[in-house]
């Protein structure tokens, strides 16, 4: 953190202004302008050809699937898709950019004027504007460590050159690090639902740069903008913004001035460092790409792509809350991924009580999986088994206690619920006379507790319920047992 932690009163005088630039690798089989494999983890410099290496005479050919995915993402974040967009050459020198320019889009991007709604701390929602989504190709990767001579040499892996990217630029509408975190979370969720990217930050398929400045509350002008780079998780982006906001306020409060610059986040130290000054905007000398015609998104192509839009997370949550009577928190968990939501809904449609399926999935099954560090796909209890368990509970054929015992066996033996249930076949006792007989025995054996109950200590009823349940070997219907214990003690 900054040297002096500022008081809440000082912090409250200022307003942060945050905008985010997100680069998303599109999940196509091949690269943007050539047929090289778009694949992470290959041996260095094996997925390359004259086109992505920028060799003389090689010509780019646009990947239609990349256009479809970028258009699908644009529609999912409520952007207006241009019928005609232009590719341009963005010229700059860097060792991992063999052509000396990057094919991107500049003044006429694929899509503009979108938005995402995010939750806020007061329970409402806030709309974050999206300036644009444009297509571009990725650069290669400079490797600065991992080799015997890394102290003196940098290695290049050009496999990533030409990988299709969608760059999504937000409006400067974000005012807190928490809003930035929520925006990125929602954006990633939408992209995953659409299937356009795997959004794996560890592999670099989703990367984010944050632009942040501070100004006195009510001031019309933005302060000098600082770009924060080298942040590899949403949690670290939030931490970097928290640090940077306080650092900039401290500079102003001490009588100094912030400057426009690029800073790097050091997660180990929890602070940012100056990378380079950006007092003046860098001139990339954009000009239209002469080897590519304008990209025309026809009304027919746009309509066909729109048909491929899935039900998006927020809409799905609202529907599931209404349809299955779920708590908002449960609906949020169940829709965390499209695959998980699909599996739940497929199961829920076959169950007597979908809400009970949700409860078992998130509590009984989810709790065991979390404790063992397992994913949902590794569960010995299938969704069909979970539905069977929920139906048996709903029909009062087994008790909650019996279900827990059966689930314990499932995880111990690695067997599905149906097989375990058929073998163990516990049956719940619902015969009132049989339960009454057990209660009578417990009451007869514990006269002292009966006196305590009748003297006004009503909590003693739990003792009798427990003893009677033990006598039934856990098979008595809990609701009926509670009712009959109270009736017997009051009689």
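The values are calculated or read from the model by the stated rules, or taken from the named source; none is laboratory data. Here the structure is a predicted model, which is why all the values come from computation and not from measurement. Note that each Cβ is placed from the backbone with ideal geometry, even for glycine, and that neighbours are counted across all protein chains shown.
Every condition in (1) buried (at least 18 other Cβ atoms within 10 Å of the Cβ); (2) out of contact with any strand residue (DSSP E or B) (no Cβ under 7 Å at 6 or more places or on another chain); (3) in contact (Cβ under 8 Å) with a residue 60 or more places away in the chain is met by residue 178 except one, and the failing one is (1). The single residue among 326, 292 that is in contact with a strand residue (DSSP E or B) (Cβ under 8 Å, 6 or more places away or on another chain) and not in a helix (DSSP H, G or I) turns out to be 292. Kindly indicate whether residue 165 is buried (at least 16 other Cβ atoms within 10 Å of the Cβ) and in contact with a strand residue (DSSP E or B) (Cβ under 8 Å, 6 or more places away or on another chain). The answer is yes for residue 165.
Just for the range 71-122: of the residues that are touching a helix residue (DSSP H, G or I) at 6+ places or on another chain (Cβ under 7 Å) and part of a helix (DSSP H, G or I), which one is surrounded by the most Cβ atoms within 10 Å (Cβ to Cβ)? Here the residue is 71.
Conditions tested, residue by residue: (1) surrounded by 14 or more Cβ atoms within 10 Å (Cβ to Cβ); (2) modelled with pLDDT under 95; (3) outside the structural domain of residue 243 (by TED's automatic domain parsing); (4) more than 14 Å from residue 159 (Cα to Cα).
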{"residue": "15", "(1), (2), (3), (4)": "yes, no, no, yes"}
{"residue": "18", "(1), (2), (3), (4)": "yes, no, no, yes"}
{"residue": "21", "(1), (2), (3), (4)": "yes, no, no, yes"}
{"residue": "30", "(1), (2), (3), (4)": "yes, no, no, no"}
{"residue": "38", "(1), (2), (3), (4)": "yes, no, no, no"}
{"residue": "46", "(1), (2), (3), (4)": "no, no, no, no"}
{"residue": "49", "(1), (2), (3), (4)": "yes, no, no, no"}
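Looking at 6, 59, can you tell me which residue is assigned to a loop (DSSP other than H, G, I, E, B) and modelled with pLDDT under 95? Quick ask: steps written out before the conclusion?
Working: 59 fails: modelled with pLDDT under 95.
Exactly one residue qualifies, and that residue is 6.
Quick grid of which residues meet (1) part of a loop (DSSP other than H, G, I, E, B); (2) modelled with pLDDT of 95 or more; (3) under 18 Å from the mean Cα position of the chain (by Cα); (4) surrounded by fewer than 16 Cβ atoms within 10 Å (Cβ to Cβ):
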residue: 301; (1), (2), (3), (4): no, yes, no, no
residue: 305; (1), (2), (3), (4): no, yes, no, no
residue: 315; (1), (2), (3), (4): no, yes, yes, yes
residue: 336; (1), (2), (3), (4): yes, no, yes, yes
residue: 341; (1), (2), (3), (4): no, yes, yes, no
residue: 386; (1), (2), (3), (4): no, yes, no, no
residue: 398; (1), (2), (3), (4): yes, no, no, no
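Go through the range 123-141 and give me each residue that's part of a loop (DSSP other than H, G, I, E, B) and either in contact (Cβ under 8 Å) with a residue 60 or more places away in the chain or over 24 Å from residue 60 (Cβ atoms) (or both). Lay out the reasoning, then the answer.
At the first step, the residues of the range 123-141 found to be part of a loop (DSSP other than H, G, I, E, B) are 123-124, 138-140.
Of everything in the range 123-141, those that are part of a loop (DSSP other than H, G, I, E, B) and either in contact (Cβ under 8 Å) with a residue 60 or more places away in the chain or over 24 Å from residue 60 (Cβ atoms) (or both) turn out to be 123, 124, 138.
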